[in-house]
Structure formats: C-alpha cells, structure tokens
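Asks: Quick one: this structure, given as structure tokens, is what I'll be asking you about.
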Amino acid sequence: MEDLYGQVTETLAAFVEKVTGIPLAPGAFRLPREGGQLSVPFVRHDAKGAAAALNGAKAACPFVKHVKEKGGWLIFCLSDAFFEELMAFAQALPLMPKGTYLENRMGILARKGTAPCPREERVQNALWRAYLCYRKGGWTAEAERQMLTMTHLPEGQKRLDLENRCGGVALAILHLKGASQ
C-alpha cells in the first residue's frame, strides 16, 4: 500500500476505460484546482456523458464516491472507505514529530480522539494532500495551509463539532509528516 497513489490512478484509469472505452494513462491524473481529489483531461471526448456513465457504474470501483465534469475535465471524489484505508495506512507509520506549527496544531486536534474521517471535502482533501506530500517527501506551504485550515470554513458550533471529529485525520497527518522527514 506504500504507493497508494499509483494504485488509485491505475484503478481509475482501468475504470474509465471499462466504462467509456477510452484508454487513459495513470500518469494523466492531476490534482484538481477545486473540488475532488483527482482529475483527468477529457476535453477531446464527451466529458459530461462520461461523468454520468462513471457515476452510474461507480459501484464497480471502490475508490469512487462520485465523478464531476468541469471544463472538459473529469474530477474524481474519492470514497469515504478510501479515506478510512488511507488513515489506517498513515497511522501505522512511525510517529516522529519535530515540533513545527503544523505538527503542534495537528497534535491538538489529535487529542480529540480517533474518529473516522469526516465526510467533509476540505478535511478529505487535506488528508489526501498530506499523503501526496509524504509520497513526494516534500511539504509545500500551500499544502500545510490546506491542512491547517481544514476546519476553518464552518463557523461557531459547526466548526467546533468538525474539530471534534478530526482527531483521527490529524493523527494520520502527524504520522505522514513525521515519516516523510
């Protein structure tokens, strides 16, 4: 499971080919600018029709929650089960914090318990970005900002409730950060 990204992109490429008949290289997948966790250009094909067909067949691909189309790109939102698997992978890594601001913030959130990954796209995107940083061995300021602000959108009690459900994700991010240094 070390190369979860490769496993996901290969599975998604095979899924797209099976449903649409159009072959894709696993290397064609990118991080979307907004929404979802992975995207692939589909401008030379019927992207809207492909998204509808892929959503209709998503039961055949355990990684897919749903597929959107935007500007000729297919945008894949990964399933809640996938994020649970990602958290389990991350939490099995050694915990070696260095005391950075990100690690301190994640440590505070991690004290709130090890709940399952919340079904909030911002939180799931932060966990996915943490995995990608771990995989590449480098943490960008943008990625750290995404992790630090994963609970900032809701206000008041909704934000506190979300923070109370982010302990497991925060712990997973701590493990990913520590293991990549």
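Asks: 5 Å is the cut-off here: which amide hydrogens, built 1.01 Å from N in the peptide plane, fall below it relative to Trp73, excluding neighbours closer than 5 in sequence?
Replies: For Trp73, whose amide H was placed from the backbone, the distant partners under 5 Å are Phe42.
Asks: Which residues' amide hydrogens lie under 5 Å from the amide hydrogen of Val64, considering only partners 5 or more residues apart or on another chain, with H built in the peptide plane?
Replies: Residues meeting the criterion, in which the H sits 1.01 Å from N, are Ser79.
Asks: Once you order the gyration tensor axes a ≥ b ≥ c over the Cα atoms, which shape class does segment 4-78 get: rounded for a/c under 1.5, otherwise prolate or oblate by comparing a/b with b/c?
Replies: rounded
Asks: Just to compare against my own numbers: the Cα pair-distance distribution for segment 54-118, 5 Å bins, whole % per bin, please.
Replies: The distribution over segment 54-118 is 3, 14, 16, 18, 14, 12, 11, 9, 3, 0, given as percents.
Asks: Right, another one. Output the 0 to 90 degree angle, nearest 10, between the alpha-carbon long axis of helix 121-136 and the longest principal axis computed from the alpha carbons of the chain.
Replies: Once rounded, one gets 90 degrees.
Asks: Once both axes come from the Cα atoms, what is the angle between helix 167-180 and the longest principal axis of the chain, in degrees from 0 to 90, rounded to 10?
Replies: Once rounded, one gets 90 degrees.
Asks: Stick to the Cα atoms of the chain, pair each with every other, and give me the Kirkwood hydrodynamic radius in Å at one decimal.
Replies: 16.9 Å
Asks: Moving to a separate point now. What are the radius of gyration and Dmax of segment 81-180, computed over its Cα atoms and given in Å?
Replies: When restricted to Cα atoms, segment 81-180 yields Rg and Dmax of 12.1, 36 Å.
Asks: A follow-up question, please. Between segment 1-41 and segment 119-181, what's the alpha-carbon centroid distance in Å?
Replies: What the calculation gives is 22 Å, centre to centre.
Each reported figure results from applying straightforward, stated rules to the coordinates on display, with no laboratory input. The shown structure was predicted, so the numbers you read here are calculated from the model rather than taken from an experiment.
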